[in-house]
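Here is the structure we will look at, set down as structure tokens.
The values are calculated or read from the model by the stated rules, or taken from the named source; none is laboratory data. Small disclaimer: the values here were computed from a predicted structure and weren't measured. Neighbour counts run over all protein chains shown; Cβ positions are idealised from the backbone, glycine included. These accessible areas exclude ligands, DNA and RNA; they are computed on the full protein's heavy atoms, side chains included. Shrake-Rupley method; radii C 1.70, N 1.55, O 1.52, S 1.80 Å.
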Number of protein chains: 2
Amino acid sequence: MPPPNPDWVKALTPSGPQGSELLAQERAKSDLNVDQLATFLFTDEVLERNAKLLEILSSNPVFDKSQNYFRGRKERLEAALARAKALRQLSVQHQWSQEEYEAANELISEPTPYGLHAFMFLKTLEEQGTPEQHKLFLEPAQNYKYIGCYAQTELGHGSNVRGLETTATWDSKDKTFTLHSPHLTASKWWIGSLGKAANHAVVVAQLILDGKPYGPHPFFVQIRDLKTHQPLPNVHVGDIGPKFGYNTMDNGFLLFNHVKIPHVNMLSRFSGVDPQTGRYIKPSNPALVYGTLTYVRSTIVFQSGSVLARGVTIATRYCAVRRQFQDRDAAEGESGENQVLNYTMVQHRILPLLAASYALFFTGRSMINLYKANQAKMAQQHARSGSDAKRLPGPEELNPGSDLLSDLHAISCSLKAFASTTAAEGLEVCRRACGGHGYSSFSGIGSWYADYLPTVTWEGDNYMLTQQVARYLLKSARAVLSGKAADNSISRVFNEFIRRKDVGAAFDVLGNDQHLVDAFAWRVAFLTFEALKHRDEDKQSWNSLLIDFWRLSTAYAQYQVVKNFYEALQDETTKSELDPSTLPVLRQLFQLFALHYLTTHASEFFTSAAITVRQIQLARTKSTLSLLEQIRPHAVRLVDAWKFPDWQLDSSLGRYDGKVYEDMFHRASEVNPLNDVVFDPYPDSPILFREDVKAKL
Amino acid sequence: MPPPNPDWVKALTPSGPQGSELLAQERAKSDLNVDQLATFLFTDEVLERNAKLLEILSSNPVFDKSQNYFRGRKERLEAALARAKALRQLSVQHQWSQEEYEAANELISEPTPYGLHAFMFLKTLEEQGTPEQHKLFLEPAQNYKYIGCYAQTELGHGSNVRGLETTATWDSKDKTFTLHSPHLTASKWWIGSLGKAANHAVVVAQLILDGKPYGPHPFFVQIRDLKTHQPLPNVHVGDIGPKFGYNTMDNGFLLFNHVKIPHVNMLSRFSGVDPQTGRYIKPSNPALVYGTLTYVRSTIVFQSGSVLARGVTIATRYCAVRRQFQDRDAAEGESGENQVLNYTMVQHRILPLLAASYALFFTGRSMINLYKANQAKMAQQHARSGSDAKRLPGPEELNPGSDLLSDLHAISCSLKAFASTTAAEGLEVCRRACGGHGYSSFSGIGSWYADYLPTVTWEGDNYMLTQQVARYLLKSARAVLSGKAADNSISRVFNEFIRRKDVGAAFDVLGNDQHLVDAFAWRVAFLTFEALKHRDEDKQSWNSLLIDFWRLSTAYAQYQVVKNFYEALQDETTKSELDPSTLPVLRQLFQLFALHYLTTHASEFFTSAAITVRQIQLARTKSTLSLLEQIRPHAVRLVDAWKFPDWQLDSSLGRYDGKVYEDMFHRASEVNPLNDVVFDPYPDSPILFREDVKAKL
């Protein structure tokens, strides 16, 4: 640690109105009820729970964040493992629920080497293991005797699971499976918690019986010695190296050289091998993973709003503290620089993202509710059919009701792609809106953004997913045309389009919020029928339509978000829980969000003949400007309602108290370990650092 | 260093067709003359020079890159300083020219702590110092006795130079200036080479004479002891801490507590203080900095094409090696996965950027030529007027010819904003197009992107600059309307618009390349006159027009790039230097680039009535698809022509030989230092690392 600042430096304060004064002024400008809005978003219970967790974590030195931005990878990983261990201990000590454990992880806000153990590994053992396997594998894993990971992706194979190369070959003589990596590209890769922490792995490998492949299946495999933590013989395992972010996680690689495991190590709740005959036992439910992925994607959608809100909170507060230039039309004699947040160009970058954070929040909530409704419906139908109540049914067992599952699948795919792209790219916009200081690690946005980025690729690459959405929309459109469609949301959209397309639409997007939603629905229908024509009539190749499909999926996602936001505001609970003065501000956010995307994709609204050129022009200029002006005074309170503690944000720029410059300076001058080292700057000197110089003085 | 791979791992190769085979096939598909195209782009002289430099650097262990991605900040800075020193020594030894020194830095591809000394510090002393000051300050600086930096930006003040708070107060009694930082926000901040390396700084401070401020001026100030390298008394200096990128540079802070410097330390070639009377000596040329900034911006434009080309090279090669899924319309029995580059969705992301890299290259070249033409013209006029030949004249001295300077200023502002944004955002698109592996540091894109990002903020924030462009365009439009405009490029565009706007435009953008350029010109004129009406007739506030101005500036930049690319291809030299088979491919790149931006901003082309709805639709679908298909076979050769050596790219994914997986695996398994460390993974253990475990085994 460098020495403290000299006294004459300590005596200095920022010039002009202080950050704390400016934020106080901002908060005085608006009468938005922050606490009530926060309660509405999160419930008091959750807010109180988080406050308790914060107290526990922030008072424990192992969670001290002050060195985070300065550490190299090894030190970061070391700290992250220490935190993971401490968190596990606290979790036992305080008997935390899964929700509390996850909330604590969110406050810490960085991945840890226990991440994949605590979620994917335990979950897979639980869902795919038999009762015998639960006893053998799950119990020691729950007690952290076994630390594990989920090893699916390979060096040469990402999204295409069927292409996996690792094999598990059944040997009927000794009743074992031999795990083997026949090529370099078969190496497991990107596997979280595998690089340094795991001693076991669920390995997804191609099952081979009698020389015949039966597709990818999960196997439970020990990979490191329980005492020495050294790799077992014929296992080559390690960390895959540094990444753009996520460097507190030990993503790993794993290769097998003919490693034998007993029969019981194939996770066989759903499918397996008969140890006597060596015959394959067919899965009773091949679609289970489909449900799990839908759950994971729904979670990504649910989190996207608050992921983005962190960046928006930091940028909004800093842009209220930062002042630069005078307004060009300022009257003679007016002095002092203008708050950056007063410039429309800055508002135009940040406020639509503020609106998006709320829009995504409401959409995420509705997505989770839809998921739960689906689960409940499936369980109900399942109970009626008398099957094993613990097992979830697959879509093929639920033919009459399976529409809901395929709706859910398509909605979760399109929203996962749109929400995670919006959050990731929005964070970068927030970072740049902070000007030069946004580039400092102390902004707190850069590392958050870098850690979030994989979300656009994993659990279905955002571009790949759009094909599945298009397939669903084309299929639904065909059903509508053939008169066989179920009466669901998307067929109503398509039917309405068909009914009106010859008389034309005339949506009053600037005067009527429902029309705004309808215009987004119209665009989806227009793009769907256009794509359908290309595919079914013009017989265009699938590959030649991928770009259209991506546009279509994006349009579908935007329609969902606009609709969900609108419906959340129409909801009676919303109206009853919020002050009458809050609702109009949320409505302005809704309009800003919708008009922002409407103008960004204006030409699609044109060509679909949903809106006139004049309305687009007005939406882009007058309406947007007027909304920015109306929302501006509430901006700081609107981000305050997200209730991020300073400890969680770990940002000089986003501090609640506005002491931006003091904090930047303190971290740079008094914490930064580089300021405890002396360089020899001359080119003819072979010495680089002179840590001894000070001692000699 | 971890141990080498075991023999059974060494024996593994990637499955399927090897990367080297796939790239060989790609190169065989096209007959584009790569070497000839490279010569056309760079000249043989430059290519040979670079080859020589590469040999010198790559054979010197100090420039070994193999540990770059693994190091923490201190180690990276240490290595960067060692490289800066070695580069200086080599530069003396081989008597490198400035161009050679810069080319060597480009091959190393990371900033060093000598960066600001070698460029900004020496340049400022040279340009702003008197002959006496050259002897006193510049000479020791050129010999690296003094290591310096250029300290302008402050903690509270970025773009607005007039708001700087550091003061330099003249004391007539002892003929000194007192440098002082009255507030914390006065701290110099972000100053490259200041954090650890510099012992001197050119400090930009508010000159105060007799209690009256005279604006910001440059002062030469010693800040660290020449022997101990410790800060001098009442100087507080250090490194500002880690950043999103640029971490091999020691950006620093600097505060003064009433530090006295002699009269001679005010750099006074252009303005100064009379030491006898204490009177201010007015600058003979206040606009010089204006010229320097134009030069710096022109350089950014010039570099943007090759900055982007690095990412495009990596993504294109990797997407030709990476295979995933079968084509959905593949015939029964066809086997093997498809090269990712064959998917139109991937082409749609990468190939327009490939086109942009060429477009920006031609624009950059024309920008530099325009700058040189301007310099020559100014020198000529200046010589005619008989002034000091060594001094560059300011615009106010050149009234008749000053149009060229203000054209140049506006063009450089708009292009700097557009080119650096396109390059930065394009790199991120390339990174994501590499899928999961794009996130690995070994992709080589992430660090390059992170280091490049400040370019969108420095030398004029990309959003701020657009105001200056709009001001120029509005002024030019007013001149045209009042009949007082000079006959220059922009007034011809405006006049043509005025002539035709009532009869309407009908640009055949799909059939005629000149029309494509004209449509971009038309859009600029339309947006300019619209903004002019808002400002002059509707009397809208400047602030309310900032978003329109940003759109206008972007449109202006795109018009310049499209026009420059078109003109480069029309040029007789181009036609004579390239094979007749190369030109059509470059023309396809031109069309793809133009149509890409035309469809991205389709609604502006609509509203300006430049193009029909039908043409937009066709441009978006058929024309773009057909161009992607035509360019696809040449993609690898087109990136090969950029001639980046593997050593420069330092990318597993972008290797010339396509050995992507071998290289990823080698770096992760055999180089990654984390694989030489053993963790204790259990939550009840207080020990984190067990480096001793292996010794015990």
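Side notes on the structure shown:
- Some residue of the stretch B:13-23 being surrounded by 15 or more Cβ atoms within 10 Å (Cβ to Cβ), more than 14 Å from chain A (Cβ to nearest Cβ) and modelled with pLDDT of 95 or more: yes
- Just one of the listed residues (B:226, B:293, B:254) is out of contact with any strand residue (DSSP E or B) (no Cβ under 8 Å at 6 or more places or on another chain) and closer than 30 Å to residue B:71 by Cβ, and it is B:226.
- Among the residues listed as A:104, A:84, the single one being among the hydrophobic types (A, V, I, L, M, F, W, C) and more than 13 Å from every other protein chain (Cβ to nearest Cβ): A:104
- From A:685, A:608, residue being modelled with pLDDT under 95 and either among the aromatic types (Phe, Trp, Tyr) or assigned by TED's automatic domain parsing to the domain that holds residue A:357 (or both): A:608
- Any hit, the stretch B:236-243, residues being assigned to a loop (DSSP other than H, G, I, E, B) and within 14 Å of residue B:199 (Cβ to Cβ): no
- Screening residue A:524 on (1) in contact with a Ser or Thr (Cβ under 7 Å, 6 or more places away or on another chain); (2) aliphatic (A, V, I, L, M); (3) touching a residue at least 12 places away in the same chain (Cβ under 8 Å) shows it passes everything except condition (1).
- Filter pass, residue B:181 being among the small types (Gly, Ala, Ser), within 12 Å of chain A (Cβ to nearest Cβ) and more than 28 Å from the chain's Cα centre (by Cα): yes
- Selection count where residues are within 14 Å of chain A (Cβ to nearest Cβ) and open to solvent by less than 50 Å² (accessible area, probe 1.4 Å), scope the stretch B:123-145: 3
- Members of the stretch A:659-681 that are in contact with a His (Cβ under 8 Å, 6 or more places away or on another chain) and either of a type in the set (Ser, Thr, Tyr) or outside any helix (DSSP H, G or I) (or both): A:669, A:678, A:679, A:680, A:681
- Filter result for residue B:116 (more than 10 Å from chain A (Cβ to nearest Cβ) and at pLDDT 95 or above): no
- For the stretch A:62-80, taking the residues that are out of contact with any helix residue (DSSP H, G or I) (no Cβ under 8 Å at 6 or more places or on another chain) and at pLDDT 95 or above, the one that is farthest from the other protein chains (Cβ to nearest Cβ) is identified as A:64.
Here is a yes/no grid of residues against (1) open to solvent by 50 Å² or more (accessible area, probe 1.4 Å); (2) at the interface with chain A (Cβ under 7 Å from one of its Cβ atoms); (3) closer than 18 Å to residue B:441 by Cβ:
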{"residue": "B:628", "(1), (2), (3)": "no, no, no"}
{"residue": "B:632", "(1), (2), (3)": "no, no, no"}
{"residue": "B:646", "(1), (2), (3)": "yes, no, yes"}
{"residue": "B:650", "(1), (2), (3)": "no, no, yes"}
{"residue": "B:665", "(1), (2), (3)": "no, yes, yes"}
{"residue": "B:680", "(1), (2), (3)": "no, yes, no"}
{"residue": "B:683", "(1), (2), (3)": "no, yes, no"}
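- Any hit, the stretch B:422-435, residues being among the hydrophobic types (A, V, I, L, M, F, W, C) and open to solvent by 20 Å² or more (accessible area, probe 1.4 Å): yes
- Residue in the stretch B:247-265 that is closer than 21 Å to residue B:161 by Cβ, away from every other protein chain (no Cβ under 13 Å) and surrounded by 21 or more Cβ atoms within 10 Å (Cβ to Cβ) present: yes
- Residue B:610 vs. criteria within 28 Å of residue A:598 (Cα to Cα) and without any contact (Cβ under 8 Å) to a residue 24 or more places away in the chain: no
- Residue within the stretch B:604-612 that is away from every other protein chain (no Cβ under 12 Å), within 30 Å of residue A:614 (Cβ to Cβ) and crowded, with 21+ Cβ neighbours inside 10 Å present: yes
- Neighbours by Cβ (under 6 Å, 6+ apart or cross-chain): first from the stretch A:228-242, without any contact (Cβ under 8 Å) to a residue 12 or more places away in the chain; second in a loop (DSSP other than H, G, I, E, B): A:241/B:672
- Within the stretch A:437-511, helices (runs of 4 or more DSSP H) holding 3 or more residues that are of a type in the set (Gly, Ala, Ser): A:446-452, A:462-481
- No other residue among A:498, A:490 is of a type in the set (A, V, I, L, M, F, W, C), more than 17 Å from residue A:605 (Cα to Cα) and more than 14 Å from chain B (Cβ to nearest Cβ) apart from A:490.
- Residue list for the stretch B:70-102, filter: within 17 Å of residue B:447 (Cβ to Cβ) and open to solvent by less than 40 Å² (accessible area, probe 1.4 Å): B:70, B:72, B:73, B:77, B:79, B:80, B:83
- Test: residue in the stretch B:213-230 that is of a type outside the set (Gly, Ala, Ser), facing chain A (nearest Cβ under 9 Å) and buried (at least 22 other Cβ atoms within 10 Å of the Cβ): yes
- Condition check for residue A:623: closer than 30 Å to residue B:247 by Cα and crowded, with 16+ Cβ neighbours inside 10 Å: no
- Taking the criterion of being within 8 Å of chain B (Cβ to nearest Cβ) and surrounded by fewer than 22 Cβ atoms within 10 Å (Cβ to Cβ), the residues of the stretch A:231-243 that qualify are A:234, A:236.
- Checking the stretch B:106-116 against the condition returns no match, with no residue being in a strand (DSSP E or B) and among the aliphatic types (A, V, I, L, M).
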